[in-house]
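Working notes for the structure below.
Just so it is clear, none of the values below were taken in a lab; they were calculated from the coordinates. These figures come from a predicted structure and were not determined experimentally. Counting neighbours? That spans all protein chains shown, and the Cβs are built from the backbone with ideal geometry, glycine included.
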């Protein structure tokens, strides 16, 4: 801060209008950034909060029940209208209802309104009138609700058991069978167990009275979760919210990416980025060492250095084109001809996949790592090198024992920046191997465990796909917000780490460079 | 040569051998990596050549088809990008790259129009006026802003900002009208404040305490917009634009792309411009201030001229980023290959075209090679622009060193 007397001495003269416009541009940029981040945070996290369900009575006597989404002015400026998410798509074909505010006569929030999350058809909203249990017993009122909750817990346990059985017992056996193994007996036992579980899930249904007077019969095995948002206490809501966030992070997508979670996309992004950093770190460091320590520091090296710096500014889509042309069509096509001749019309490596995507992104982030490492190497004073050499070390020993340890924070910074950049890149991936929906993650218990030729899901592409290619963008939006928030958080954390490391680096080696 | 069987000598030879091996490996690896990087340009050129040079594999097209007008052929739209429309027919494909280049440059121009004033203003403020403590926080914040992925910005621009702007066109206009007078008003009001309040809100922290003022301006713009619409545009701005000016209005248009990409490009321009401004030797600025110049006069007359090559290279880098940005344009522009001056109409850029069409274009075909040509154009443009910027920056560093006092 300036001393007070100094600032007072300048005050009467003023700084003129330009200074205020300049200050305003700082404020405007910060405002835009804040607006973007808070939009993502509020919409992304707010989606999981159980919203109250309103029962709306209209002028003409019709009733509807739904979560209020938003309110906008009518185009002619004659009033406002509200959007409700009413669910029950199987009854009236619509999931949303626009209602003019002027037509609403009463809004209430009855405690007995039930929101069902179903496997198909999205949500159902209504009052629980009756529940027929597995044994055929008919329950009504609170007893029905209690029985429903109990049954849902059982169903969830059964579903988990079935999924575990399928993923860990049956699928590996099926693959072994395809490979010619003799596992018929084990498979038959597992299949019988699967049928048992399936049978245990069946039976029972519930009857829901919808707000407009209709009736909806839902088999219990179709129901994933049921809640009564209006009857929930704040701690209950918080628990539901936490559970929703957890499911978003840990489950796979449902209903054409408009519902469910993003676990495969997280997995794919992380795996791809890890592979990429394994590829980019050694090569980037190698190139930087060559440029800074080995190469003759002449005109050519300077030109190469400028060229490498400039490659960091080349659009990512160009790298994607290179990846598609050279890795996928060139190398991948050749590999297919040599090793996967048997399956040829359908390509193995001659199409986009995990390996090619990682390689392309490694190439894309190579300049970042090279530049950062080189900066770190250039910071190390020559005395350190000369001292090591004078004590009789060879160049290799000087590099590995003295120079590289000192440059490690710079290398780490470079790699983290590279990871942050790679995690957010989507355009090149669209060309070299990202998939809208990949049923199998690229890692499983099947040899060779890591399937470099498979396509994978990616958080960034998931955003693009769900927001622009989905059939029902409106219902995908909350999940897109949540995914965007997740991606931004990951990248912010990575960048903060890089900034912290760089700070650490400059305080640790600052004294050395000042000569 | 001493006794070669004595252990120290063997060890020394081993060490030297290892050293030589490592040097060879590092050299080979380094050259290999750099060659792989530089191979991108070579690959694009090699793949594009058959488009113009008959090799028998692909049918060639004349370079004129890429950029000459179709007017003679009686086509209403003079330039057209439509490489797949003629698959069944024997008509020649219309492969003019002009509308795509137009869209790319238009989007970049709008982005720069928004990003450059913001970035330069912010850079000037933080180099000359800002409190050091705030400045050391602002730089990493804007670095984080630079790291925001394009797909997130594009999503917000295309699905949130674009529909909002469509509904509130007049609000946006009112905000634009109010922004500059509003900020000047803030300055005027500030100079009337009692000194105690002025010290509580110094100009060095204006970047923060102007935030509520900007929000206030936003609210004012929202309140004023119906009045503005009624007074100047006969009650409905949209209608007025469509009927009186004959403009087509698309939801996702060049202005939205400009805003989103301006937001994305601004931090990198800021970072470079701030470096250039704060790298000017302090003795120059202090000399000017000692002679009685205000800080703004110092900036305008002394610091800015000295740093102008750095500012230029910052803008160049920004242009390179804006031209190559894919996801934002893809998601916020509507991707219609139009050629208009109308900022409220859609556009289609080279990068977005590659992203959309390349997965469908079969390898080796004409369409594929055309898209590779588009990639080559992008590569060449950004590479040239960045090289220019880098050379200018190197010059600048030398100049600062000559002016003395530089690090």
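Below are the figures for this structure:
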| quantity | calculated |
| --- | --- |
| Tilt relative to chain A, helix A:404-424 - C-alpha long axis, 0 to 90 degrees, to 10 | 40 |
| Dimensions (Å) - the range A:53-250, Cα atoms, principal axes, largest first | 74, 40, 34 |
| Choice from B:137, B:196, B:18 with maximal GNM fluctuation in chain B (Cα, 10 Å cutoff) | B:18 |
| Shielding of A:366-372 by partner chains, average beta-carbon count, 10 Å | 1 |
| C-alpha long axis of helix A:459-468 to longest principal axis of chain A, angle in ° | 50 |
| Number of partner chain Cβ atoms within 10 Å, mean per residue of A:35-46 | 2 |
| Cα gyration tensor category, rounded, prolate or oblate, for the range A:105-157 with a/c compared to 1.5 | oblate |
| Shape call, the range A:144-205: gyration tensor on alpha carbons, a/c limit 1.5 | prolate |
| Listed residues B:382, B:294, B:104, most fluctuating in chain B (Gaussian network, C-alpha, under 10 Å) | B:294 |
| Whole-number D in µm²/s for the range A:263-513 (Stokes-Einstein; Kirkwood sum over Cα pairs; 37 °C, 0.692 mPa s) | 164 |
| Global geometry of chain A, whether rounded, prolate or oblate, following the gyration tensor of its Cα atoms and the 1.5 cut on a/c | oblate |
| Ellipticity estimate at 222 nm from DSSP helix runs (n ≥ 4, -39,500 (n - 2.57)) divided over chain A, nearest 500 | -17500 deg cm²/dmol |
| Length gained when the stretch residue A:492-residue A:107 is fully extended (0.36 nm per residue, less Cα-Cα span) | 134.4 nm |
| Whole-number Å³ per residue for the convex hull built on Cα positions in the range B:189-316 | 196 |
| Taking A:72, B:156, A:368 and counting other C-beta atoms within 10 Å, the order from fewest to most | A:72, A:368, B:156 |
| Projected label distance in nm at residue B:109 and residue A:233, using a 7 Å step from Cα toward the beta-carbon | 6.4 |
| Within the protein assembly as shown, percent of DSSP bridges classed antiparallel, to nearest 5 | 95 |
| Extension gain from residue A:400 to residue A:74, taking 0.36 nm per residue of separation minus the Cα-Cα distance | 110.4 nm |
| Sites residue A:199 and residue A:140 - FRET efficiency at Förster radius 35 Å, r taken between beta-carbons, to 0.05 | 0.85 |
| Simple spin-label estimate for residue A:249 and residue B:301 in nanometres, 7 Å along Cα-Cβ | 5.9 |
| Using alpha-carbon coordinates, inclination of helix A:263-289 to the longest axis of chain A, degrees | 0 |
| Kirkwood hydrodynamic radius of the protein assembly as shown, from inverse mean 1/r over distinct Cα pairs, in Å | 31.7 |
| Relative contact order (percent, whole number), chain A, Cα cutoff 8 Å, 6+ residue spacing | 14 |
| Exposure proxy order (Cβ contacts within 10 Å, fewest to most) of A:358, A:108, A:475 | A:108, A:475, A:358 |
| Efficiency of FRET between residue A:468 and residue B:215 - r from beta-carbon atoms, R0 22 angstrom, step 0.05 | 0.10 |
| Order of A:202, A:67 under a 10 Å beta carbon neighbour criterion, fewest first | A:202, A:67 |
| Gaussian network model of chain B, springs between alpha carbon atoms under 10 Å - residue of B:212, B:226, B:281 with greatest fluctuation | B:212 |
| Distance between the range A:210-234 and the range B:362-407 - C-alpha centres, whole angstrom | 60 |
| Average other protein chain Cβ within 10 Å of Cβ, residues B:33-46 | 6 |
